[in-house]
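S.K.: Following this message is one structure expressed as structure tokens.
Nothing in this text is a laboratory measurement; each read-out follows from the coordinates by a stated rule. All values reported here derive from a predicted model rather than from experimental measurement. Positions of Cβ are backbone-derived with ideal geometry, glycine not excepted, and every protein chain shown enters the neighbour counts.
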Amino acid sequence: MGEKSKTPDFSVDQNMPRLSSDQVAAVGAKLRNEAGDTLGTVENIVLDRDGRVVALVIGIDKLLGLAEDRIEIDWKQVRFERKDAVVSFVTPLNKDELRSQAKFSPPKRQPG
């Protein structure tokens, strides 16, 4: 007899903490400098094995806006900010310092 296919369990763990809408809205938020200039956009959030945020993946425009680089900025170098309904992250880094951050390369996924 054939092996039964296993259906993935997508049930919600009732013990998981509830996220506020601000936390959910982080992807797509702008990264700004202290002067309020937009440096890039949050494209992803990097978590450690325990689920703690360790870095943000930021999309920044290359010269002339022709393409976009993705860099990884350490979570300790940003702070969350909300003004009215606008959610953003602020860093003390300027655009050149931001460009010098490590380029983001997604980890290789393990099969299975």
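S.K.: Can you compute the charge dipole magnitude of region 25-99 about its Cα centre, using +1 on each Lys and Arg Cβ and -1 on each Asp and Glu Cβ, nothing else charged? Give it in debye, rounded to the nearest 20.
M.R.: On the way: 12 positive and 14 negative charges, 33 e Å.
Here region 25-99 has a charge dipole of around 160 debye.
S.K.: Which distance in nm do the two modelled labels at D84 and L47 give, with both placed 7 Å along the Cα-to-Cβ direction?
M.R.: Spacing of the two 7 Å Cα→Cβ label points: 3.3 nm.
S.K.: Please arrange I58, I71, I45 by how many other C-beta atoms lie within 10 Å of their C-beta, fewest to most. Write out the running numbers ahead of the final one.
M.R.: Working: I58 25, I71 21, I45 14.
Ascending Cβ contact count within 10 Å gives the list I45, I71, I58.
S.K.: Something else now. Jot down the radius of gyration and Dmax of region 25-99, Cα atoms only, both in angstrom.
M.R.: 12.1, 39
S.K.: Another question, if that's okay. Go through 36-42, 100-106, 74-80 and give me the packing order, highest mean Cβ count within 10 Å leading. Write down the numbers at each step before the final one.
M.R.: Values: 36-42: 17.1, 100-106: 11.6, 74-80: 14.0.
For the peptides 36-42, 100-106, 74-80, the packing ranking is 36-42, 74-80, 100-106.
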